[in-house]
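The values are calculated or read from the model by the stated rules, or taken from the named source; none is laboratory data. Keep in mind the model is a prediction, meaning the values are calculated, not measured. Virtual Cβ from ideal backbone geometry, glycine too; neighbours counted across all protein chains shown. Ligands, DNA and RNA are stripped out before the accessible areas are found, and what is left, the full protein with its side chains, is counted by its heavy atoms. Shrake-Rupley method; radii C 1.70, N 1.55, O 1.52, S 1.80 Å.
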Amino acid sequence: MSLSAGIVGLPNVGKSTLFNTITNLRVEAANYPFATIQPNVGVVKVKDQRLIDLANLINPEKITFATCTFVDIAGLVKGASKGEGLGNQFLANIREVDAICHVVRCFKDKDITHVFDTVDPVRDVEIINLELIMADLNVVTKRYSIVAAKHKSGDKSLEKEFNVLTKLKSLLEANKMPKDSDWDKEETLIIKNYNLLTSKPTIYIANIDSDDLNNPESNNNYLKLKEYVLKNTKDKILPISVSMEFEISLLDEKDKQDFISGLGVKEIGIDKLIKTTYDLLGLKTFFTFGKKETRAWTFKSGMTAPQCAGIIHTDFEKGFIRAEIYSYLDLLELKSEVTVKEKGKMHVEGKEYIMQDGDVCLFRFNI
């Protein structure tokens with residue numbers, strides 16, 4: 001399971017700089033032979049100190065981090081929902097990602113012109129969100145016409161979908177995002193079939209000046225955007241100095257760590273962005289531990305042991321017998337898998353076990 005996020009934003013807000021930063025940090029494509037890396041796609045490691053600590057116990061031949069794919073969504077301008085600019089391409093690309101990273105300009109720089117001449121983060125957000133709403137309204141209206149006709153003729157099997165579409169249409173016509181309303185489990189599954197842009201979780205990246213890095217609250221534009229996001233959405237907001245991130249991405253690892261320490265921050269913005277996205281999507285991590293390879297795997301909260309085994313290989317899920325599981329914290333404390341077993345910290349779980357963040361797993365299967 002790989003996380004994908006689309007980077008969107010108006011011109012001159014820092015979107016391209018953010019993607020260039022990600023490109024500088026991306027993993028080698030050779031490490032992931034099934035990944036097709038295009039110029040507008042960057043794959044970066046999910047930095048997880050837990051994996052590093054586990055690997056330090058046995059110095060495995062290979063350490064494999066989980067990854068996150070960022071897609072640079074091109075061509076967004078006002079009128080994208082009507083095909084303006086590269087609107088159709090933009091909409092097609094963004095429908096394929098798990099989450100949206102919406103870059104919003106909160107910095108002032110007279111040498112970088114704004115497409116609307118002034119810096120106004122709330123206005124910019126509303127412009128892009130309206131394009132998403134109008135594009136989805138077109139999708140929902142078409143489906144509504146089909147379902148409404150069948151429902152009117154007495155087809156009761158479409159009762160639930162008709163009600164969902166009626167509510168969706170009403171929300172979108174009122175320029176509201178469906179994801180900010182409450183839906184039950186069945187309704188959520190119905191909505192998922194439409195792959196709506198306005199249902200995708202979003203992180204608003206407030207692109208602030210580097211001088212505001214240690215105190216984002218001193219930036220009035222950030223405060224305006226933060227108030228808007230917290231008041232009107234269920235989404236997340238993250239202040240990042242994109243220009244600073246780009247400078248950091250150009251450094252080698254040692255200089256990078258020294259630079260970060262000098263800034264007085266614990267981690268760079270890209271790492272914060274990935275962690276925030278994980279939290280927004282309800283993603284967790286389990287580990288496999290061995291001399292040949294120690295690896296982190298991403299899974300969705302609530303998944304069972306067989307489902308997580310299937311992330312490694314579909315045959316593991318089909319032939320699942322049991323999972324031998326212990327906490328990474330116990331392994332770090334006791335230093336070896338043998339001692340973990342001797343101390344009774346390893347437990348054997350069956351098909352009903354719900355995986356937990358930080359589980360170290362050995363899956364037993366038969367095919």
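Residues are listed down the side, and each one gets a yes or a no for (1) touching a Gly at 6+ places or on another chain (Cβ under 8 Å); (2) modelled with pLDDT of 95 or more; (3) among the acidic types (D, E); (4) part of a strand (DSSP E or B):
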| residue | (1), (2), (3), (4) |
| --- | --- |
| C308 | no, yes, no, no |
| I311 | no, yes, no, no |
| F316 | yes, yes, no, no |
| R322 | yes, yes, no, yes |
| Y326 | no, yes, no, yes |
| L332 | no, yes, no, no |
| T339 | no, yes, no, no |
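What number of residues within the range 155-187 satisfy the criterion of being within 19 Å of the chain's Cα centre (by Cα) and assigned to a helix (DSSP H, G or I)? Spell out how you get there, then give the answer.
Taking the range 155-187 and keeping what is within 19 Å of the chain's Cα centre (by Cα), we get 177-180.
Checking the rest, the ones that are also assigned to a helix (DSSP H, G or I) come to 178-180.
Qualifying residue count for the region: 3.
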Just wondering, is there one or more residues in the range 339-357 that are hydrophobic (A, V, I, L, M, F, W, C), touching a Leu at 6+ places or on another chain (Cβ under 7 Å) and surrounded by 15 or more Cβ atoms within 10 Å (Cβ to Cβ)? yes
Of the residues in the range 215-271, those that are surrounded by fewer than 16 Cβ atoms within 10 Å (Cβ to Cβ), aromatic (F, W, Y) and within 23 Å of G9 (Cβ to Cβ) come to none
The condition of being under 23 Å from F65 (Cβ atoms), within 26 Å of the chain's Cα centre (by Cα) and among the acidic types (D, E) holds, among D357, D330, only for D357
Inside the range 199-245, can you point out the residues that are outside any strand (DSSP E or B) and among the aromatic types (F, W, Y)? Y222, Y228
Can you name the residue in the range 136-175 that is in contact (Cβ under 8 Å) with a residue 40 or more places away in the chain and open to solvent by 40 Å² or more (accessible area, probe 1.4 Å) and is also nearest to L196 (Cα to Cα) among such residues? V139
Within the range 141-154, restricting to residues that are part of a helix (DSSP H, G or I) and not aliphatic (A, V, I, L, M), the one that is farthest from the chain's Cα centre (by Cα) is K152
